[in-house]
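Okay, structure first, notes after.
The values are calculated or read from the model by the stated rules, or taken from the named source; none is laboratory data. Please read all numbers here as calculations on a predicted model, not as lab measurements. Positions of Cβ are generated from backbone atoms using ideal geometry, with glycine treated the same way; all protein chains shown enter the neighbour counts. Surface areas here come from the heavy atoms of the whole protein model, side chains and all, with no ligands, DNA or RNA. Shrake-Rupley method; radii C 1.70, N 1.55, O 1.52, S 1.80 Å.
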Amino acid sequence: MTALAFDVAMAALGVNGPEDVSPQWDTVAWRRHEENVRRLRGRIFKATKEGDWPRVRNLQKMMLRSWSNTLISVRQVAQRNAGRTTAGIDGQVALTSPARMDLAVQTHRTARSFTPFAVKRVYIPKANGKQRPLGIPVISDRVHQARHRNALEPEWEARFEPKSYGFRPGRSCQDAISVIHVTSCGVTAQRLWVLDADLSAAFDRIDHDHLLATIGMFPGRTMIRDWLKAGVFEPGKGFTPTDEGTPQGGVISPLLLNIALHGLEEAAGVRKERSDERRTKRGSPSLIRYADDMVALCHSRQQAEDVKARLAAWLAPRGLTFNEDKTRIVHLDDGFDFLGFTARRHHGKLLIKPSKAAVKRVRQRLAVEFRALRGTNAAAVLARINPIVRGWANYYRGAASSIVFAALDVHLWRLTYKWACHRHPHKPKRWIINRYFGRYNTARQDRWVFGDRDSGAYLPKFAWTKIVRHRLVRGEASPDDPAQASYWAERRGKSKPPLDRRTLHLLRRQNGSCPICGQLLLHADREPQSPREWEQWHRTTRKAITRQHIIAHGTGTPDETRLVHSSCHRRATGTQKDPAPLHT
């Protein structure tokens, strides 16, 4: 099918926007619009691989004027993203169905005439005690950025290096950790010297001219330039123009950083086998990158120093430099920290565990949370602590974490017991133990489980999370590649989400789809990238999915139980109240 014929077909399906109608958000055929966007992204990817650049640009223009792209972008920004309730400098959010549809219509009408707003500067604490600056765009900017990302990302997914894992579809931190293990495990491993490098304020120092030159003739290039030059508004300080960098917090910012750092492997001197480009040549260093954090595995200290010098020269024209306080060259026997993990060789065996700093942070956070929960009941404790425990355990379940999990369970028991004693200062210890501890988890013979006797809910233990080795993604694999659709379907089928057995059984029976709308109940294009994101994943999943009981006519008992989206449940039943959250 030619590009013109495809454009006509999409227009017939409503892909170019509503005409003379007032669409309703709750009646949108999401499955059709998702298929439109997925198919367009696949065609952009394929055309890029073939080097057909006129066709790539035409398809990207089609994506930028696609009504389906606008709807999907609004849903991602205003309904699914964790920051949907955070407003920019205009104070606007879209948390209701009418507001989201109004935002979609307004975004589509201003696709060519939109002028970006300045971002709102906020600060969040970093692990080292310093403050990390974030730029919060207005809601309309975020939607336009998501639209442009859908047009630009497939092109670069076809061009990115195989060992780049940060903020890419289908890739995660666990992939970066797994490839380190594969490269340097075993007594015969040769790459035992590590350049552990970190870039200094990478998002804030990207050179605009070099980035725009790298993007090339992308149809939305002018809009991207306007976002880069939009400036920053900080309460109490006013407006500041931006001559370099991209705001850390924008929807498209991670993609722009990956584009700016594309070519890092070649600059480091990494050479590939001619017979198989996925394999690194013997004697060559191996570079693993996650956003602005990178690790170069080398054969000697001299090779690591040479790689650092070559990378520093390559980064300079892009406005980037190494953070010397965090960049170091070490031997694997001494170990190094990367993405919250510690990798170290012990007697010729490479072990990857949660880092001491990560363990210290979660212990401190649990202590702070329990202190803040004094005076509340057991249900409030479980609602607050459960996602933290599950999220942290799920992030580290692919490493050698058993000993750490057991130690954290001891710490968690002390906190729960201390909380219970503070709540009932005049009760004897035996009464407190009988009141809050017991065999709440019927699948385990453990009488020291903290729980709520009224609801039967309980606090899971870290050690209950099974250690499951992560399945490394293929080097060249991308969800945008139409030729690899079967690979990603198989990968989703083999990846078991961290949910209870009953929910997993229903997911398998329904093939992971909602029976009302036909879409996937869980979206696996991008796994959570940190313990905090896993925590958010658990909270969101409980609210986004519910169990629906089908009752046969004339009977009062459920005839069938199925999993549906909470939004589909509300639409099907006509209720305005949120259904009961899913127990995970």
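Odds and ends about this structure:
- Of all the criteria given as (1) open to solvent by less than 70 Å² (accessible area, probe 1.4 Å); (2) closer than 29 Å to ARG38 by Cβ; (3) modelled with pLDDT of 75 or more, the one not satisfied by ARG492 is (1).
- Selection within segment 267-315 - in contact with a Ser or Thr (Cβ under 6 Å, 6 or more places away or on another chain) and not basic (Lys, Arg): VAL270, THR280, SER286, LEU297
- Selection within segment 108-126 - closer than 17 Å to VAL251 by Cα, buried (at least 16 other Cβ atoms within 10 Å of the Cβ) and of a type outside the set (A, V, I, L, M): PHE114, PRO116, PHE117, LYS120, ARG121
- Pairs where the first residue, in segment 19-36, is within 12 Å of TRP67 (Cα to Cα) and the second is modelled with pLDDT of 85 or more and β-branched (Val, Ile, Thr), C-beta under 7 Å, 6+ apart: HIS33/ILE72; GLU34/ILE72
- Per the conditions (1) over 26 Å from ASP325 (Cα atoms); (2) open to solvent by 20 Å² or more (accessible area, probe 1.4 Å); (3) in a loop (DSSP other than H, G, I, E, B); (4) out of contact with any helix residue (DSSP H, G or I) (no Cβ under 7 Å at 6 or more places or on another chain), the sole criterion not satisfied by ALA213 is (3).
- All positions within segment 337-387 that are more than 28 Å from the chain's Cα centre (by Cα) and on the phi < 0 side of the Ramachandran plot: ARG345, HIS346, LYS349, ARG371, ALA372, LEU373, ARG374, THR376, ASN377, ALA378, ALA379
- Only residues that are open to solvent by less than 20 Å² (accessible area, probe 1.4 Å) and under 17 Å from GLU535 (Cβ atoms) were counted across segment 395-415, and they come to 6.
- Among the candidates PRO154, PRO137, PRO169, PRO98, the residue that is surrounded by fewer than 17 Cβ atoms within 10 Å (Cβ to Cβ), in contact (Cβ under 8 Å) with a residue 40 or more places away in the chain and within 22 Å of the chain's Cα centre (by Cα) is uniquely PRO169.
- Residues (part of a loop (DSSP other than H, G, I, E, B) and open to solvent by 20 Å² or more (accessible area, probe 1.4 Å)) located in segment 217-229: MET217, PRO219, LYS229
- Odd one out for ILE259, checked against (1) outside any loop (DSSP other than H, G, I, E, B); (2) without any contact (Cβ under 8 Å) to a residue 12 or more places away in the chain: (2)
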